[in-house]
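What follows is a set of notes on a single structure, which appears directly below.
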Amino acid sequence: MMLEKKTVEFIDELSSGSPVPGGGGACAAVGALAAALGMMVANLTVGKKRYADVEDEMQECLSRLKESRDRLIVLTDQDAQAFEPLSRAYGLPRETEEDRIRRERVMESALYEASIVPLRIMETIRETMQYLETLGVKGSRIAVSDAGVGILFAQAALEGASMNVFINTKLMKDRARAEELNQKADNMIEEGRRQKERVCKEVFAGIRRDAAE
């Protein structure tokens, strides 16, 4: 797995001339960091007397964010794997009509698969954001800024992953299918933006309120 490498090794690969890992894998990695930040906030909250009334919610956040983090780590690799068939499809011959028909069929399938993985990244990040919002409101006040950083990471990763959806769907011949995928991505972007604004507003208000106290 890419994220089993040292961080510097992953960044070196990302910096290279190789097309993978690319933006999609980077978004999955940033999404995993967002989930990990949420886990840290939850871990700093569970078991504390001050937060006994939200203990169950914190345990739920911890469990769900671990699932999201682990899924995003896997999706980092799956994004790279989805690019390979697309890369091969671009290189298929198109000299004859038969070649062109076969290439178009293979391309359509590869474009769809290359769109689905970043869409899954987006869906997993949206789940992550739900728990980050809970943590921003109810998590330990000493780590509330980390919930804020997590939501900012998540939104950046969400919108970044959408670009990998749109760059592939624009080439699909099946426009109805492409627009269905685009609409799902658009909806998640809009929902994510609203949630990010809510959480950031809450976090900034909490930080400043705590400082005043």
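Bear in mind these aren't lab numbers, they're just calculated from the coordinates by the rules spelled out. Keep in mind it's a predicted model, so treat the numbers as computed, not measured. Backbone-built Cβ (ideal geometry, glycine too); neighbour counts: all protein chains shown.
For this structure, a couple of remarks:
Condition check ((1) charged (D, E, K, R); (2) in contact (Cβ under 8 Å) with a residue 40 or more places away in the chain) across all residues:
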| site | (1), (2) |
| --- | --- |
| 100 | yes, no |
| 105 | yes, no |
| 109 | no, no |
| 114 | no, yes |
| 124 | no, yes |
| 137 | no, yes |
| 158 | no, yes |
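- Single match in 128, 134, 76, 124 (criterion: hydroxyl-bearing (Ser, Thr, Tyr), over 26 Å from residue 197 (Cα atoms) and out of contact with any strand residue (DSSP E or B) (no Cβ under 7 Å at 6 or more places or on another chain)): 76
Let's see how each residue does on (1) within 18 Å of residue 165 (Cβ to Cβ); (2) crowded, with 19+ Cβ neighbours inside 10 Å:
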residue: 29; (1), (2): yes, yes
residue: 34; (1), (2): no, yes
residue: 53; (1), (2): no, no
residue: 66; (1), (2): no, no
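- Test: residue in the stretch 177-185 that is free of Cβ contacts under 8 Å to residues at least 40 places away in the same chain, surrounded by 14 or more Cβ atoms within 10 Å (Cβ to Cβ), closer than 26 Å to residue 101 by Cβ and within 17 Å of the chain's Cα centre (by Cα): yes
- Any hit, the stretch 14-35, residues being part of a helix (DSSP H, G or I), of a type in the set (Gly, Ala, Ser) and free of Cβ contacts under 8 Å to residues at least 24 places away in the same chain: yes
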